[in-house]
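**Student:** Okay, here's the structure, questions in a sec.
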Amino acid sequence: MVDVPTLVEQARQGGPRAVARLISLVEGASPQLREVMAALAPLAGHAYVVGLTGSPGVGKSTSTSALVTAYRKAGKRVGVLAVDPSSPFSGGALLGDRVRMSDHASDPGVYIRSMATRGHLGGLARSAPQAVRVLDAAGCDVVLVETVGVGQSEVEIASQADTSVVMLAPGMGDGIQAAKAGILEIGDVYVVNKADRDGADATVRELNHMLGLGESRGPGDWRPPIVKTVAARGEGVDELVEALEKHRAWMEEHGVLAARRTARAAREVETIAVGALRERIADLHGDRRLEALAERIVEGRLDPYGAADELVAGVTSGDL
């Protein structure tokens, strides 16, 4: 058994081993997870969570590394959660984005963790919200969450970050993708990376056009900026940080930041509750009571929705 209070205190003091151990408890759904979350609750809620998403190859990892450099120059502690595809063999993170952020490996003010999706859709790992809370409670001022390369439907980051950054690059077919609603509806800040390539200005124009088509904002509403960067050379990164800080200030001024964090907490509670219910129902496979409901459906004496209602009622009341 882990001494959770000691581990949390060590993490609060910036101990990387303690942070790693806590995230491992989260990923492994440890029996002590409830104790860990209860200990972290009073310490979290201060970090600014920035999500970076976009198609594979747009330079998310390079941009994340550049942002780490910029925030460290400003004296901020930074946590990075890099979500990678799962290995079909080990179930672990396949790419290991820490390799591309090796410049920060020896910096005690930076903590970088790769997490595997483990089959979870949406571009994030299922345990990502809890991992972010660990980094938050460990004293990170900014937590950067880099998603796995995503398509139009994998937009979960929008519900897990304070600010969502959508990244594109010229010459990668993103102009065509822009026409397909999807991922371009979630951005608070848009980045056209690799802006030294041919077609960068055309990508910006097309993006402006597509965003304008769906725009229904009123006076005072946030209008997502488009920032051109060459992250590999650090160009445009200061402008990106400035855009992020402007969005944060706007959210605080209009009460949006608190509303987003409340909605995020509500979704997390719902996910945990549904997961617990699913586990209890899964335990009934092969149980005579579940089989009896199935037989009544086959005989026409009960419909599937009615059976599901009986099942949920039984599970929640403790009768099943």
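**Student:** Just for the stretch 236-274: of the residues that are among the charged types (D, E, K, R), farther than 30 Å from ARG34 by Cα and touching a helix residue (DSSP H, G or I) at 6+ places or on another chain (Cβ under 9 Å), which one is least open to solvent (accessible area, probe 1.4 Å)?
**Tutor:** ARG248
**Student:** For ARG278, are the conditions met, namely being under 30 Å from GLN130 (Cβ atoms), open to solvent by 60 Å² or more (accessible area, probe 1.4 Å) and part of a helix (DSSP H, G or I)?
**Tutor:** Details: under 30 Å from GLN130 (Cβ atoms): yes; open to solvent by 60 Å² or more (accessible area, probe 1.4 Å): yes; part of a helix (DSSP H, G or I): yes.
Yes, satisfied.
**Student:** Something else: So, LYS194, is that one at pLDDT 80 or above, basic (Lys, Arg), under 24 Å from GLY57 (Cβ atoms) and assigned to a loop (DSSP other than H, G, I, E, B) or not?
**Tutor:** Criteria met by LYS194.
**Student:** Select from the stretch 45-87 the residues that are assigned to a helix (DSSP H, G or I), touching a helix residue (DSSP H, G or I) at 6+ places or on another chain (Cβ under 9 Å) and over 16 Å from VAL227 (Cα atoms) and write down the one among them that is most open to solvent (accessible area, probe 1.4 Å).
**Tutor:** Within the stretch 45-87, the match that is most open to solvent (accessible area, probe 1.4 Å) is ARG72.
**Student:** When the residues of the stretch 281-319 are filtered to those that are outside any helix (DSSP H, G or I) and within 35 Å of the chain's Cα centre (by Cα), which remaining residue is nearest to LEU33 (Cα to Cα)?
**Tutor:** ASP283
**Student:** Next up: Would you say VAL132 is modelled with pLDDT under 65, buried (at least 21 other Cβ atoms within 10 Å of the Cβ) and under 13 Å from the mean Cα position of the chain (by Cα)?
**Tutor:** On the way: modelled with pLDDT under 65: no; buried (at least 21 other Cβ atoms within 10 Å of the Cβ): yes; under 13 Å from the mean Cα position of the chain (by Cα): yes.
Against the criterion (modelled with pLDDT under 65, buried (at least 21 other Cβ atoms within 10 Å of the Cβ) and under 13 Å from the mean Cα position of the chain (by Cα)), VAL132 does not qualify.
**Student:** While we're here: Filter the stretch 10-31 down to residues that are surrounded by 14 or more Cβ atoms within 10 Å (Cβ to Cβ) and farther than 21 Å from VAL78 by Cβ and give me whichever is modelled with the highest pLDDT.
**Tutor:** Among those that are surrounded by 14 or more Cβ atoms within 10 Å (Cβ to Cβ) and farther than 21 Å from VAL78 by Cβ, it is LEU25.
The values are calculated or read from the model by the stated rules, or taken from the named source; none is laboratory data. Here the structure is a predicted model, which means the values were calculated and not measured. Positions of Cβ are backbone-derived with ideal geometry, glycine not excepted, and every protein chain shown enters the neighbour counts. Note: areas computed on protein heavy atoms with side chains; ligands, DNA, RNA excluded. Shrake-Rupley method; radii C 1.70, N 1.55, O 1.52, S 1.80 Å.
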